[in-house]
Amino acid sequence: MVNDKAVSGGLEWRVRMADGSPSEVLVPESRVFQRICWAIVGPVFSLMRKVRRFFSKAWDVGVDDPRKVMHCLKVGVALTVVSLFYYMRPLYQGVGGNAMWAVLTVVVVFEYTVGATLCKSLNRATGTFLAGALAVGVHWIASQSGERFEPIVLRTSVFLLASAATFSRFIPVVKARFDYGAMIFILTFSLVSVSGYRVDNLFDLAQQRLSTILIGGSMCLLVSMLICPIWAGQDLHRLVARNMEKLANSLDGSVTEYFKDSEDKLENEEDTGKKLKEYKCVLNSKATEEALANFARWEPAHGRFSFRHPWKHYLKTGASIRNCAYCIEALNGCINSEIQAPEYIKKHLSGVCMGLSSQSSVVLKELAHITKTMRKSSTIDFSVEDMKGAVQDLQDALKSLPTQINTSKQPVGEAPQEKKMDAIVAHTTIPLIEVVPLVTAASLLIEITTRIEGLVVEVDELARLANFKP
């Protein structure tokens, strides 16, 4: 009874049965008001938490790369200036009712980098000019063919040219550099041709459309290049150099993770995990490199990069970097393998393997420094020779590995016959499958050095084509 009262806050209902059986106590539902309030206020607090998390992530994005904030401000400046053609009557009368096309051009064309903005601006202007000129020419031919055949000529021209332009978008060269221009060509030609059937002065319509697009595109280029420009070429240059540094860190982390003791693995597990994951960024950078190289070709000369800078060779260098990253990915497969070689056999190769990875990392970091500073190095040849010497040491250690397996567990002070039997036992108690991951890891290290030598050749070629300073 006391417990029931405590639950119900001192209020209870007692029901007396007609047959004289013991009465039952009905406890009312507790805290109903609090649950109703929480059902109303709870979603509000949940929404506020989501909004706070959103703004926190947005703040982190801005702090991580302030150039993104600057890009947003530049878009706002360009739209504000172009909108004057719509608000100010003298400017509005100069371009006619098509002033809104300038605003739409800024929204569509303004991209993050100068190269991307220049690419889309030229594509849009060229596509509009060609489509407008062809539409005016087709309209004149259709008007000369008579009122009966005029709609037939217009519809036929729209079908043929739109189909041909759409097919051209499947051609790799056109798709890579002129896909947006082909789409604008289809859109402009269709609009001008169809509307020209009801418009008397079609030439003025095409001229106003082209002028507004030129105004919008010019404003995008001026703002993009004059206010804190973001060059696609510089981003590509930094990306390739940064990928080499990430590759060196991943190689060091992978070999250290494989050969260090189990007790040491727990100490710097977080730092080692970050280094191991860096090679994945290298493997996923192909699409970014191709896009940046495509946009960099459109950019004018800026900084240390000339107009005909070998941007295409950066793609070959990036491909060589990814070839090394594939081997590091396979090396991580050996690290995470459930079958591991005995510790005393791993110690036989740990010194030479870690020495080789150290020399390979030195070469990669020096290549990254050469690319970043655009200056040739006088010590890169010596570093490559040291790496080749470390490869020779590893090959010698691999040749002595069978002897190490046979003799490492022989007891001291026993008869020769007993030593022979113990050697056979020691040899037979180590399955071959336990040694395979260790030999595979060593072979992958040798393969990585071979691919690094190919990367050295690509960087030397890049230095020659781009005229790196001595």
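The values are calculated or read from the model by the stated rules, or taken from the named source; none is laboratory data. Remember, it's a predicted structure, so these values are computed and weren't measured experimentally. As a convention, Cβ positions derive from the backbone with ideal geometry for all residues, glycine included, and neighbour counts pool all protein chains shown. For the accessible areas, the whole protein counts, side chains as well, though only heavy atoms, and no ligand, DNA or RNA atoms are used. Shrake-Rupley method; radii C 1.70, N 1.55, O 1.52, S 1.80 Å.
Residue under question is Thr166, and the condition is that it be surrounded by fewer than 17 Cβ atoms within 10 Å (Cβ to Cβ), in contact with a helix residue (DSSP H, G or I) (Cβ under 7 Å, 6 or more places away or on another chain), of a type outside the set (Phe, Trp, Tyr) and part of a helix (DSSP H, G or I); does it hold?
Criteria met by Thr166.
Would you check which residues across region 65-79 are open to solvent by less than 80 Å² (accessible area, probe 1.4 Å), part of a helix (DSSP H, G or I) and over 16 Å from Val114 (Cβ atoms) and list them?
Hits for region 65-79 are Val69, Gly76, Leu79.
Picking from Ile184, Ile171, Ile215, which residue would you name as being in contact with a Ser or Thr (Cβ under 7 Å, 6 or more places away or on another chain) and assigned by the TED database to the domain that holds Leu134?
Just a single option satisfies the conditions, and that option is Ile184.
Take Leu364 and tell me if it is buried (at least 21 other Cβ atoms within 10 Å of the Cβ) and closer than 18 Å to Ser250 by Cβ.
Details: buried (at least 21 other Cβ atoms within 10 Å of the Cβ): yes; closer than 18 Å to Ser250 by Cβ: yes.
Judged against the criteria, Leu364 is a match.
Before we move on, is Asn323 under 15 Å from Ala441 (Cβ atoms) and either outside the structural domain of Val456 (by the TED database) or part of a helix (DSSP H, G or I) (or both)?
In short, no.
Would you kindly identify the helices (runs of 4 or more DSSP H) lying entirely within region 395-470 that contain at least 2 residues that are open to solvent by less than 20 Å² (accessible area, probe 1.4 Å), modelled with pLDDT of 70 or more and assigned by the TED database to the domain that holds His348?
Once the helices (runs of 4 or more DSSP H) in region 395-470 are filtered for at least 2 residues that are open to solvent by less than 20 Å² (accessible area, probe 1.4 Å), modelled with pLDDT of 70 or more and assigned by the TED database to the domain that holds His348, what remains is 432-465.
Of the numbered conditions (1) crowded, with 20+ Cβ neighbours inside 10 Å; (2) within 30 Å of Ala319 (Cβ to Cβ); (3) of a type outside the set (Gly, Ala, Ser), Cys220 fails exactly one; give the number of that condition.
It is condition (2) that Cys220 fails.
Only one of Val136, Val194, Val158 is in a helix (DSSP H, G or I) and open to solvent by 80 Å² or more (accessible area, probe 1.4 Å); which?
Working: Val136 fails: open to solvent by 80 Å² or more (accessible area, probe 1.4 Å); Val158 fails: open to solvent by 80 Å² or more (accessible area, probe 1.4 Å).
Criteria check complete, one pass: Val194.
Hey, among the residues in region 281-307 that are open to solvent by 60 Å² or more (accessible area, probe 1.4 Å) and of a type in the set (D, E, K, R), which one's farthest from the chain's Cα centre (by Cα)?
Here the answer is Arg304.
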